[in-house]
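For reference, the structure discussed in these notes is given below.
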Amino acid sequence: MTNPRPIQFGEWLPDLGSVNNPGATVAKNVIPQINGYRELKSLTTFTNALGSACLGAFWVPDAVGEIENFAGDNTKLYKLDDFSAYQDVSRSPGAAYNATRWEFTKFGTRVIAASKSDVLQKFDLGTDTRFSDLAGSPPQGATIATVRDFVMLGNIDSLGPNYVQWSAYNNSEIWTPSLQYQSDFQPLFGRGGTVQRIVPGEYAIIFMEQSIFIGEYSGPPTIFQFDEVDRKRGTPAPNSVIWLGDQCWFYGYDGFYSFSGSRGSEPISHNRVSQWFEAEAATDGLETMRGAIDRGNGLLIWAFRSTTTVEYNDRLIIYNLFADKWSYAEVNTELIDEYVSPGYSLDALDAILPNGIDVDSIPVDSTQYQGGKLSLIAFDPTHTGATFDGPALTGCVETTELSKEDSSATGVNNIRPVIEGGAATSVTIEVGKRNTLRENKVFSAAKAPNAVTGEVNVRQKGRFLTYRANISGGFDKAFGVIPKEINSSGGKR
């Protein structure tokens, strides 16, 4: 028998194949950390259902700092009340929308909602109880952002998909081109194609299908100067674009990228998960792809479809900014976005949890109830808002496929999982084997550790071995496994 040697699960690197991969070949339903993985919780619903699939969500503080949350579906716009119920706040009843996508922006104390198939909608915080058509005969556009003191639209219905148009200086109700008011429009020439997303800020970062522009305020007569800063990168998935300040991340046909005005585009998934995503994602369903930033945990999360036979995204791919590592999950969502909870009084909690905190499903210390707490909201396939506060998903992590330099067989008969957790944590181990790379891998039956020794008794022998850990009931950290090998002839310890 050789001395036990720990095998770390390592970074998830599916693009590098299975044999002698320096990291993990599977990392499902877990969150990557610097030296391992931790649990990913399931969704727990906390709102009523929208009328149909959620097509956009937005949070904003009002004039006194209270948080307001909005959402939209195909025909209606909604506002979340203090009792976790989305109320219909669409324009006058009976005037339904025909949206395929909603985007929102805050302009002063006003929320403006954009759908290319509808007139811009406005909601004045602290005053309005319903959305209404924005005055000034604004254009209809697919993407919207506040850039300095202007409202900017992209993919304009009346002009063309490669156009941007902006309002007057400090006035969202003047759109007629005017040197006096500094309102105007501009086509973005080149091979960029359709304007996909505009990132707000002191300057506009404009993602097109095949390129990226930056629009900087220059004052009259040009008002904005637009420069194509990346002619080789764009995105087929408008809602894959997410940002924090002027740092952006997006899916760009051949993988995921980060972008900033000073450094341009840099790959973050190449030779790691790009090929896996291309094989796993339904390329004809990228328009439903949704990205979100979990700022509290330093995570970038993209939801996508593995097939267009379902009407929702059924996968997540997760990137830990601090660890520079990836994982994935099988979670069904219509939309994910950043969410800030409004906070709840005891009276409000009585209404939300009518059966008490011991009976109703959401933990009373959930991020949902902590006023001003940053988290994520996901709408599930029932169109209901949910947070990632449910029971932990069952995680699955596999080591690389190990082999000896002399190609001789390796036998194992005991495996110690190195996984930290609590009383509810349940672990089973499987060992996959094959003798040639042309064979299909065969896994042993899943077995739990011995309650006394903490070891899993699994007898397996092969030239190529893989160790798989299945973890349910929640866990703190999964580091790897320590297999105890026996000699190649299969002798006992």
Would you mind telling me which numbered condition in (1) farther than 18 Å from Val147 by Cα; (2) in a loop (DSSP other than H, G, I, E, B) Asn239 fails?
-> (2)
Taking the stretch 49-77, which residues are assigned to a strand (DSSP E or B), in contact with a Gly (Cβ under 8 Å, 6 or more places away or on another chain) and over 23 Å from Pro238 (Cα atoms)?
-> Ile67
Within the stretch 168-194, how many residues are over 23 Å from Ala57 (Cα atoms) and either open to solvent by less than 50 Å² (accessible area, probe 1.4 Å) or touching a helix residue (DSSP H, G or I) at 6+ places or on another chain (Cβ under 7 Å) (or both)?
-> 11
What are the residue pairs meeting all of these: first residue in the stretch 173-186, first residue over 16 Å from Leu120 (Cα atoms), second residue acidic (Asp, Glu) and open to solvent by 40 Å² or more (accessible area, probe 1.4 Å), Cβ atoms under 8 Å, and 6 or more apart or on different chains?
-> Pro177/Asp184; Ser178/Asp184
Answer yes or no: is there a residue in the stretch 258-269 that is under 24 Å from Phe104 (Cα atoms), out of contact with any Ser or Thr (no Cβ under 7 Å at 6 or more places or on another chain) and either open to solvent by 60 Å² or more (accessible area, probe 1.4 Å) or not in a strand (DSSP E or B) (or both).
-> yes
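Just to be sure before I move on: is Trp302 buried (at least 22 other Cβ atoms within 10 Å of the Cβ), more than 24 Å from Glu103 (Cβ to Cβ) and under 15 Å from the mean Cα position of the chain (by Cα) in the structure I sent? Spell out how you get there, then give the answer.
On the way: buried (at least 22 other Cβ atoms within 10 Å of the Cβ): yes; more than 24 Å from Glu103 (Cβ to Cβ): no; under 15 Å from the mean Cα position of the chain (by Cα): yes.
So Trp302 fails the test.
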From the set of residues in the stretch 68-89 that are closer than 17 Å to Thr127 by Cβ and not charged (D, E, K, R), which is most open to solvent (accessible area, probe 1.4 Å)?
-> Gln87
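Scan the stretch 13-27 and tell me whether some residue there is within 23 Å of Ile242 (Cα to Cα) and open to solvent by 30 Å² or more (accessible area, probe 1.4 Å). Give the derivation first.
Of the residues in the stretch 13-27, the ones within 23 Å of Ile242 (Cα to Cα) are none.
No.
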Restricting attention to the stretch 422-435, report how many residues are farther than 11 Å from Leu465 by Cα and touching a Lys or Arg at 6+ places or on another chain (Cβ under 8 Å).
-> 2
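Anything in the stretch 125-154 that is among the β-branched types (Val, Ile, Thr) and part of a loop (DSSP other than H, G, I, E, B)? List them, or say none. So that I can check it myself, show each step before the final result.
Taking the stretch 125-154 as the starting set, the residues that turn out to be among the β-branched types (Val, Ile, Thr) are 127, 129, 143-144, 146-147, 151.
Once the filter is applied, which keeps residues that are among the β-branched types (Val, Ile, Thr) and part of a loop (DSSP other than H, G, I, E, B), the stretch 125-154 yields Thr127, Thr129.
Could you tell me which of the residues Ala237, Ala292, Ala323 is touching a residue at least 40 places away in the same chain (Cβ under 8 Å) and open to solvent by 10 Å² or more (accessible area, probe 1.4 Å)? Working first, answer last.
Numbers: Ala237 fails: open to solvent by 10 Å² or more (accessible area, probe 1.4 Å); Ala292 fails: open to solvent by 10 Å² or more (accessible area, probe 1.4 Å).
Within the list Ala237, Ala292, Ala323, the selection yields Ala323.
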Mind checking which residues of the stretch 34-46 are open to solvent by 40 Å² or more (accessible area, probe 1.4 Å), closer than 11 Å to Lys477 by Cβ and in a strand (DSSP E or B)?
-> Arg38, Glu39
Can you name every residue in the stretch 450-488 that is open to solvent by less than 40 Å² (accessible area, probe 1.4 Å), in a loop (DSSP other than H, G, I, E, B) and in contact (Cβ under 8 Å) with a residue 60 or more places away in the chain?
-> Gly474, Phe475
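The values are calculated or read from the model by the stated rules, or taken from the named source; none is laboratory data. Everything quoted here is computed from the prediction, not taken from an experiment. Positions of Cβ are generated from backbone atoms using ideal geometry, with glycine treated the same way; all protein chains shown enter the neighbour counts. What goes into the accessible areas is simple: the full protein's heavy atoms, side chains included, and nothing from ligands, DNA or RNA. Shrake-Rupley method; radii C 1.70, N 1.55, O 1.52, S 1.80 Å.
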